[in-house]
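The structure appears below as structure tokens.
The values are calculated or read from the model by the stated rules, or taken from the named source; none is laboratory data. Predicted model only: the values in this text are computed from it and were never measured. So basically every Cβ, Gly included, is an ideal-geometry build from the backbone, and we count neighbours across all protein chains shown.
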Amino acid sequence: MPWGLRGLSLIATWLLSSAATSQTSAPPRPDTAAANDLYGLWTGEYDLTEEVLVADLDSAPLLAGGAVRRVQAVVRPVTVESLGTHVLYLEEYSYDDPLGVRRQVLLALEPAPHGTDADVRVRQYTRNTGVSVATPESAPHEALETLPGCDLWLLRDGKQFRGGTRGRACLVVPARQPSYIDYQLVIGQNLVWYRRRTLDLATDDLLEEVAGFRYFELEQARLYSCRISWPADGARRVI
């Protein structure tokens, strides 16, 4: 084979080999199916019961309303281009006080990076202190503040998503003592459950624990109280 043709043949072989190597070594594209499913599953209005399981007696805000309280949560899609294509707005308020909003957060859903043992990563954003915006959609990116270390890592489990924060990086600011939040969440069809635990940053001692779940009322149920008193002589009696 003439040298010119042999050189062209070698170059063509090298190019094909390089292309194949490039295709096999390129990282796989993120799977957006899980984020799409969670986006639709999470959207809705929720009537919740929130129960204080463990409380710091010095934490008045946590105990406001008693050990059990009823909470309303609204989760709806919004368009905030700077945060991606799957953004939800979450708002919480007490059942008997719709104007007393206690929590507002933007949730940016995105495919979790490979190797993180999760399907969806949820980044949380709040409004910067002192910044006023008419609606979540109108908030410019500089008006938003991310919550470092408070990303939720959710794994698909059948028709549910479950997971939460990881490590000790979701810090409580401000706080009387250095502490962090461990937040676990389950989202499913007609199912919402969460557990929020506040722990001491130095010792991991549990300071507060709150559980939330769908509100329900028992119908056609009655509460009975029964007591048995045993006689001193041990003789049987008809109760």
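The table for this structure:
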read-out: The lone exception for Val133 - which of (1) within 22 Å of Thr43 (Cβ to Cβ); (2) touching a residue at least 12 places away in the same chain (Cβ under 8 Å) it fails; value: (2)
read-out: Whichever residue in the range 41-52 is part of a strand (DSSP E or B) and at negative phi and, among such residues, is surrounded by the most Cβ atoms within 10 Å (Cβ to Cβ); value: Glu50
read-out: Residues of the range 182-197 classified as surrounded by fewer than 16 Cβ atoms within 10 Å (Cβ to Cβ) and closer than 22 Å to Pro113 by Cβ, total; value: 1
read-out: Selected residue (only one of Leu38, Leu15 is modelled with pLDDT of 90 or more, out of contact with any Gly (no Cβ under 9 Å at 6 or more places or on another chain), of a type in the set (A, V, I, L, M, F, W, C) and in a helix (DSSP H, G or I)); value: Leu38
read-out: Answer residue from the range 88-141, given it is of a type in the set (S, T, N, Q) and more than 23 Å from Arg166 (Cα to Cα) and is modelled with the highest pLDDT among those; value: Ser94
read-out: Members of the range 77-136 that are farther than 24 Å from Ala34 by Cα and acidic (Asp, Glu); value: Glu92, Asp96, Asp97
read-out: Odd one out for Ser179, checked against (1) surrounded by 14 or more Cβ atoms within 10 Å (Cβ to Cβ); (2) closer than 21 Å to Leu90 by Cβ; (3) not hydrophobic (A, V, I, L, M, F, W, C); value: (2)
read-out: Considering residues of the range 57-85 that are at pLDDT below 90 and among the aliphatic types (A, V, I, L, M) only, the residue farthest from Val192 (Cα to Cα); value: Leu57
read-out: Listing of strands (runs of 3 or more DSSP E) fully contained in the range 96-175 that carry 2 or more residues being surrounded by 14 or more Cβ atoms within 10 Å (Cβ to Cβ) and over 18 Å from the mean Cα position of the chain (by Cα); value: none
read-out: Unmet criterion (only one of (1) of a type in the set (D, E, K, R); (2) within 30 Å of Ser179 (Cα to Cα); (3) modelled with pLDDT under 90) for Arg29; value: (2)
read-out: Residues of the range 63-84 classified as more than 18 Å from the chain's Cα centre (by Cα) and not in a strand (DSSP E or B), total; value: 9
